[in-house]
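Asks: Take this structure first; my questions come after.
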Amino acid sequence: MGAPTRIAVVGGGVAGLAAAHRIVELAHGIGRRLDLTLLEAAPRLGGSIATERTDGFVIETGPDSFISEKPAALRLAERLDLRSRLIGTRDADRRTFVVHAGRLHPLPEGFLLLAPTRLAPLAASGLFSWPGKLRMALDLVLPRGPERADESLGSFVTRRLGREALERVAQPLLGGIYTADPDDLSLAATMPRFLEMERRERSVIRAMWRQQRQAATAHTGSGARWSLFVSFDDGMQTLVDRLAQSLPEGVVRLRSAVKTLVRADDVWRLDLDGSTLEADGLILATPAHASSALLASTDAKLAGELAEIRYASSATVTLAFRQSSLPRPLEGFGFVVPLVEARGIIASTYSSLKYAGRAPAGYVLLRAFVGGALQADRFADDDTAMIANVRRELSALLGINDEPVLTRLHRHPHAMPQYRVGHLERIARIRARVQTVNRLALCGNAYSGVGIPDCIRSGEEAAEALCSAGGELSVLSSQF
């Protein structure tokens, strides 16, 4: 058998871990020797995914779940023998609330992200004015919009459903996903199915009605299904730990920041601050701005395109209270806060209601989200001010005034890429540039999806792009 193939993966978040795991799977499948190195600058793996377990509480520092509709994460969990560790959300509490005029209003039943699928709950809702409700119903008769290269999500929702639909539901719900300004977000890059609905059916509401009926028919008699959001019984760290355990000993190198990299003599040379690593193939699973800096000397145009992908910062503040501190029982999984409400948080999740086992009996665990593109000034607060601000908001909205028994704050600076209008065109240009750089692949949340399944898929595709079926390194580019 020939010499080992040397592959370096830079970045130990979930995308980099998925890429490394897939490379090992492919190598085992063809019986090929392999020299794999995963380099992570931090002292731990997982990136924004981390779980603290203390005194019966399960505290997520970053994502608390993944979406089951995208299959990559579920498939990986199966291959890692983690299926028995998966848990769905509690059925009885599966509701979301929206803050309006200082009060929590339930999102009307059947309202899916941007539009209603049932008119009766919409008509009965106190979340919208009657002119706002009628404006949403106007979508049923409005003509298709003009064909265009791209459109902001804010423009699309306002055009189809009106300003209230945008300000009171779409902006806060999508703000929780992308921490972004919907007037900057690319519709084609973030919610392409709604664009397709308009093109195919003309009316978004009518298209969603049809989709709901088809889904109900398809799942009749099909047995148990996962809830929309899925986690692990002991927290999301379970996935990170199992991925790390699946890699051969010696593959992972923590506290190993790549200072520079150079492509020379058909080999990648990585400077690790005092030592050098050589690799035949390279996967960059770092944020776009970090990948840009590393590739500046290799391809200035590629580095420039990557640098144009902007990021937002956010933080989570987790608080635990005794059940007796609540003036009334919590309902649903939490609430979102529209920007027009001018409050100090963008959302709150009731972690102990959303998933079983997140808090001991007699306690509740809540998590608030701060910052994002529309409230960057809030992220700039120091820790004391940020926690005080969250407690004021929970007091005003939930009536909780007692001291928490546990407080945790976790910051995620420049962690969420902003898929601005024109994002898909930029990704096409990035893909074209990568095709000119042999044995390079990019992966992560900057390209074609910010969720955990998207990151896993991009990592696995990056691995497959470097490893051909015959076991040789292929001269392929990244497949985002």
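What follows draws every value from the coordinates through simple rules; no lab data is involved. Everything numeric here is computed off the predicted structure, so don't read it as measured data. In this analysis, Cβ positions are derived from the backbone assuming ideal geometry, glycine residues included, and neighbour counts consider all displayed protein chains.
Asks: For the stretch 322-327, just list the computed ³J(HN,Hα) in residue order, Karplus coefficients 6.51, -1.76 and 1.60, θ = phi - 60°, integers in Hz, with x standing in for Gly and Pro.
Replies: Residue by residue, the stretch 322-327 yields 5, 4, 5, 6, 7, x Hz.
Asks: Using r as the Cβ-Cβ distance of residue 297 and residue 177, and R0 as 41 Å, what FRET efficiency do you calculate, to the nearest 0.05?
Replies: 0.70
Asks: Just grab the label-to-label distance for residue 322 and residue 84, each label 7 Å out from Cα along the Cβ direction, in nm (one decimal).
Replies: Placing both labels 7 Å beyond Cα along the Cβ direction yields 3.8 nm.
Asks: Can you find, among 394, 321, 373, the residue sitting farthest towards the positive end of the charge dipole of the stretch 311-417, where Lys and Arg contribute +1 and Asp and Glu -1 at Cβ?
Replies: Checked the options; the winner is 321.
Asks: Please report the relative contact order for the chain, taking Cα pairs under 8 Å with a sequence separation of at least 6, and give it as a percent rounded to a whole number. Can you show the working numbers first?
Replies: Numbers: 965 pairs, mean separation 117.1, N = 480.
This gives 24 percent for the chain.
Asks: Additional query: If the cut-off is a Cα-Cα distance under 28 Å, which lysines reach residue 354, setting aside same-chain residues fewer than 8 apart in sequence?
Replies: Qualifying lysines at Cα under 28 Å: 70.
Asks: Please tell me the relative contact order of the stretch 110-219 in percent, rounded to the nearest whole number, where contacts are Cα pairs under 8 Å and at least six residues apart.
Replies: Values: 118 pairs, mean separation 35.1, N = 110.
Relative contact order comes out at 32 percent.
Asks: What is the extension gain from residue 212 to residue 159, computed as 0.36 nm multiplied by their sequence separation minus the C-alpha to C-alpha distance, in nm to one decimal?
Replies: 16.8 nm
Asks: Here's another thing I want to ask about it. Return the long-range amide H neighbours of residue 183 (sequence gap of 5 or more, or a different chain), with a cut-off of under 5 Å between placed amide H atoms.
Replies: Amide H neighbours of residue 183: 154.
Asks: Follow-up. Simple spin-label model, 7 Å along Cα-to-Cβ: residue 140 to residue 120 in nm?
Replies: It works out to 1.4 nm between the two label points.
Asks: So how much slack lies between residue 402 and residue 435, counting 0.36 nm per residue of separation and subtracting their Cα-Cα distance, in nm? Don't skip to the end; give the middle numbers.
Replies: Details: separation 33, 0.36 × 33 = 11.88 nm, distance 5.78 nm.
In short, 6.1 nm is gained.
Asks: Same structure, new question: Which order, highest average first, do 16-23, 359-366 follow once you tally other Cβ atoms within 10 Å for each residue and take the mean per peptide?
Replies: Details: 16-23: 28.1, 359-366: 17.5.
Result, highest mean first: 16-23, 359-366.
Asks: Next question. Under the rule of at least 5 residues apart or a separate chain, name every residue whose amide H is placed under 5 Å from the amide H of residue 112.
Replies: 117
Asks: Full-extension gain between residue 260 and residue 54, please, as 0.36 nm times their residue separation minus the C-alpha to C-alpha distance. Before the final figure, lay out the partial values.
Replies: Working: separation 206, 0.36 × 206 = 74.16 nm, distance 3.92 nm.
Net length gain for the segment: 70.2 nm.
Asks: Identify all lysines with a Cα-Cα distance to residue 259 below 25 Å; exclude those on the same chain that are fewer than 8 residues away in sequence.
Replies: Counting by Cα, and skipping residues close in sequence, residue 259 has these lysines nearby: 301.
Asks: Here's a follow-up. Which shape class applies to the stretch 126-187: rounded if a/c is under 1.5, otherwise prolate when a/b exceeds b/c and oblate if not, where a ≥ b ≥ c are the square roots of the Cα gyration tensor eigenvalues?
Replies: Details: a/c = 3.15, a/b = 1.10, b/c = 2.86.
Verdict is oblate for the stretch 126-187.
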